[in-house]
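The values are calculated or read from the model by the stated rules, or taken from the named source; none is laboratory data. Bear in mind that the values here come from a model prediction, so they are computed numbers and not experimental data. Here the Cβ positions follow ideal geometry from the backbone for every residue, glycine too, while neighbour counts run over all protein chains shown.
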C-alpha cells in the first residue's frame, strides 16, 4: 500500500515553455502533498505544501507564479513550471500524506526535468 | 528554526567494516526518518524512529534515536557493496504548521571491495 506515482519520469523542454508534473496517490487519499526539489548531489529542499482544495503554501524564496501547484482532488496534485529556464533543470520529487497519518510521507519516484 | 546536520557527508568504506552515520537536530522532535537514495532514484524509506531510545534493525543497518541528545545514528555492520548509496535523515518539524520534514544534507556511502 501507500504508493505514489509521478508523471512524467523524465521530461526535456525548451526554454520558455511550461511543463506540468503530476503526482498521484494510488491507493490512499492524500490530504496533503509536498513538492521537493533536488539539485545534483544535494539534499531535498521543500518547495511548497498543498492541501486538497486550498492554495499551496510556498517556502521562502520559491516563486509561486513560476511554480504553480494545484491539488484539485484527494489523489492528484500538479506542479507546473511556467516559462522554464535552464536553471529550473532539477529532480522534482513529490510526497503525499494520508488523512490519518500526520507525519508519514510517501515519496513518489521523482521527475527529472531538463530545460534546454 | 529546525536544523538537521549529518556527518560525515562522504564515507568510503571497505567491505566487511563497520561505521556509523550521525544525525543531529536543533529543536525538539520525536520523529525521525532514515532514507536511502540510489543515483537517479527517489527516496526509499528505511526506518521511522518514534520515541526516545527507539532502536530498529534491518539487515546490516541499525538506527537509534536519543531525543534528549537530539541525535540519531545509523550503524552499518560488515558493509557490502550493495549498501553504496546516499543516506538521508529527516526530522519532523513540530514548529511547521504542515508537519514538514527537514532533511539533512545526506551521507554518500561508497563501499569498496
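Quick grid of which residues meet (1) touching a helix residue (DSSP H, G or I) at 6+ places or on another chain (Cβ under 7 Å); (2) closer than 13 Å to residue B:4 by Cα; (3) at pLDDT below 95:
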site: B:49; (1), (2), (3): no, no, yes
site: B:57; (1), (2), (3): no, no, no
site: B:91; (1), (2), (3): no, yes, yes
site: B:111; (1), (2), (3): yes, no, no
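Residues that are closer than 17 Å to residue A:77 by Cβ and touching a strand residue (DSSP E or B) at 6+ places or on another chain (Cβ under 7 Å): which strands (runs of 3 or more DSSP E) entirely in the range A:1-66 hold 3 or more of them?
A:4-7, A:19-25, A:30-38, A:44-51
So residue A:36 clears everything in (1) closer than 18 Å to residue B:90 by Cα; (2) more than 10 Å from every other protein chain (Cβ to nearest Cβ); (3) surrounded by 19 or more Cβ atoms within 10 Å (Cβ to Cβ) except one condition, right? Which one?
Answer for residue A:36: the failing condition is (2).
Take residue A:112 and tell me if it is within 11 Å of chain B (Cβ to nearest Cβ), under 26 Å from residue B:34 (Cβ atoms) and assigned to a strand (DSSP E or B).
Working: within 11 Å of chain B (Cβ to nearest Cβ): yes; under 26 Å from residue B:34 (Cβ atoms): yes; assigned to a strand (DSSP E or B): yes.
When the stated conditions are applied, residue A:112 passes them.
Output the residue which, of all residues in the range B:36-47 that are facing chain A (nearest Cβ under 8 Å) and crowded, with 17+ Cβ neighbours inside 10 Å, is nearest to residue B:76 (Cα to Cα).
Restricting to residues being facing chain A (nearest Cβ under 8 Å) and crowded, with 17+ Cβ neighbours inside 10 Å, the top hit is B:43.
Which of the numbered conditions does residue B:97 fail, given that it passes all the others? Conditions: (1) modelled with pLDDT under 95; (2) more than 9 Å from chain A (Cβ to nearest Cβ); (3) surrounded by fewer than 16 Cβ atoms within 10 Å (Cβ to Cβ).
(2)
With respect to residue B:12, is the statement that it is within 14 Å of another protein chain (Cβ to nearest Cβ), surrounded by 12 or more Cβ atoms within 10 Å (Cβ to Cβ) and under 21 Å from residue B:110 (Cβ atoms) true?
No.
Residue check: is residue B:27 surrounded by fewer than 17 Cβ atoms within 10 Å (Cβ to Cβ) and part of a loop (DSSP other than H, G, I, E, B)? Reasoning before the result, please.
Numbers: surrounded by fewer than 17 Cβ atoms within 10 Å (Cβ to Cβ): yes; part of a loop (DSSP other than H, G, I, E, B): yes.
Yes: the conditions hold for residue B:27.
Restricting to the range B:15-24, name every residue that is assigned to a strand (DSSP E or B) and farther than 15 Å from residue B:110 by Cβ. Before you say what the answer is, go through the steps one by one.
We begin by selecting, within the range B:15-24, every residue assigned to a strand (DSSP E or B); these are B:19-24.
Across the range B:15-24, the qualifying residues are B:20, B:22, B:23, B:24.
Is it true that some residue in the range A:70-84 is within 13 Å of chain B (Cβ to nearest Cβ) and either crowded, with 22+ Cβ neighbours inside 10 Å or within 26 Å of residue B:86 (Cβ to Cβ) (or both)?
Yes - at least one qualifying residue is present in the range A:70-84.
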